[in-house]
Structures are given as C-alpha cells and as structure tokens.
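Notes follow once the structure below has been shown.
No lab work stands behind these numbers, since they all come straight from the coordinates. Since this is a predicted model, take the numbers as computed values, not measurements. Backbone-built Cβ (ideal geometry, glycine too); neighbour counts: all protein chains shown.
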Amino acid sequence: MCLSAKKGLALKNTHLIKIEDALIGEQYICKDCGGLLGVKNPTDKVKHFFHIESKSSFESENESELHYDCKMSILQELQKKFPDGNWQEERYIKQIRARPDISGRINGKPIVVEVQHSPLTPAEIKRRTSKYDSMGIYTIWVVPYYRIHTGLKSPKLYEKFLHALYKGNLYVWSFEGLFSLHFYYHSKSKRYVIKKEISWEDMFIDYTYNNFSYKGVECPNLKILSAFKSKWWPKKAKSNYLSYILLFLMILSVFFIYR
C-alpha cells in the first residue's frame, strides 16, 4: 500500500481527507499513485484506506477478509524469515502499472506473491505473470488456506492452470504454513491429492516449461518461484497404488481360504 494511504491520508476533490473523516462507500484518490481508494472499518481492525483499482473483471472492488488475512499472514511470515527483503503489500510498480499483493526480495532476487482465491482466467494469470517477468521479477501464485481443507475435490480452472504452470504443484497457504498440493487421477472420476509442507527458505528461482500451453493458453518461458528441482510425489503415488494392490491380495487370499 502507498505510504500516504497507509498513514490515513487521501484526496477528495483536491481536498486532503484524513481516515477519521472518510466515509465507507465513498471513493478517494491516492496521493502517491492516483489510484482509487475505499474505506474499511472492520470491528477487529483499525479503520483504514485500501486500493480498489480493479485487478481483473472477476474481482470485487472490496477485498475480502479471507484474501486480506491470507495476504497479511504471508507478509508477516516473509518479513520474519527475510528481514532484509523490503517486503510491502500492494507496492505500485509504475513501469507495468501493477500492484502485486506482496513484493520484496529473497536473497537479493525480486519476488512477487499473488494471493488468488477468486476465479481468474488462465489468460489473465499469464498476462500478469508475463508483466512481472518483463521486469525480471519471479512470481509465485498462492491459493488461500480454506481450499486446503476441501481436499480440492473439484479444482477450479485457475487452480488447474496454476498446477500445470508450476509443473504439478499448487501452492497453498494455511495458518499451518506453506504447502504444495499435487493432484492426479486414478480414473476420470477419481482424483487423489498429495500434500507436502514446504518452507520459504526452500524456494528457488525456476522457469516454466518451454512453450507451456494449457486449455489453449500458450505461455512463453516465464520466471517463477519453485520449491522442487524434480518431482516429489512419484514415490508417494506409487505407495498408494501398492497399498491398494496389497489390500486386493489380502481379500483374495481370504476368499480362497474360506471358499
């Protein structure tokens, strides 16, 4: 967030307005970037301005509490683990007219974290990631914690796209930490999900597949943040199949014993 808005200052018809005098439902202008501001006054948080510049046609102007809580939780974790990273929420990147949820540096490398819980088209994800890539910024898209408890029985299209973009990993944040989910199909109707907890310290700079394409959306080789140099799930997936085979043999042996 821009400094003036964070300090509780905004403009209304060229007049300086303090957050104490701002009204919920009214729109204000950010002194620093010229973007639109709204007002929040949650019962458990301090009254504050927030940017309501539309990030996509699918997102509401009012940032949901789920998105906000997830974003702030990740921001606090990154500030703690990488105190020299100069982390900020909604820092305005003038060159590409973008305002990522979280931006900073890990080991000197520019990083952007986008928290995504509302429907977003693969084409829009590609567009934003490509914009950051043009600035030499590495992007990680993270799905908020509530989705981890659903087991991803019905992954949304953008989650499937991110899963493919990150080479079989969907990054999910919960209050327990950062996780990678890998889902695969035993049949057309049966989906399995494997969950692995990971650490921000394990993340490294990587690239998407060359000529990556999914659902008709073609991506160039993009800079991303990844946690794995190779697949981590084959052994676990194989053990699942072996357990089913073992169970089948046990049932078969019981059948022959009591024939």
As straight-line cross-link partners of K47, the qualifying aspartates and glutamates (C-alpha separation under 19 Å, not fewer than 8 residues apart within one chain) are E20, D21, E26, E61, E63, E65, D69, E89, E90
Once L247 and I93 are pulled to full extension, the length gained, defined as 0.36 nm per residue separation minus their Cα-Cα distance, is 49.8 nm
Karplus-derived 3J(HN,Hα) from phi for region 210-227 (6.51 cos²θ - 1.76 cosθ + 1.60, θ = phi - 60°), whole Hz, x at Gly and Pro, runs 5, 6, 4, 9, 8, 6, x, 9, 9, 10, x, 6, 10, 7, 9, 9, 10, 10
With +1 at each Lys and Arg Cβ and -1 at each Asp and Glu Cβ, the charge dipole magnitude of region 62-228 around its Cα centre, to the nearest 20 debye, comes out at 640
With label points set 7 Å from each Cα along the Cα-to-Cβ direction at D32 and N211, the distance between them in nm comes to 4.3
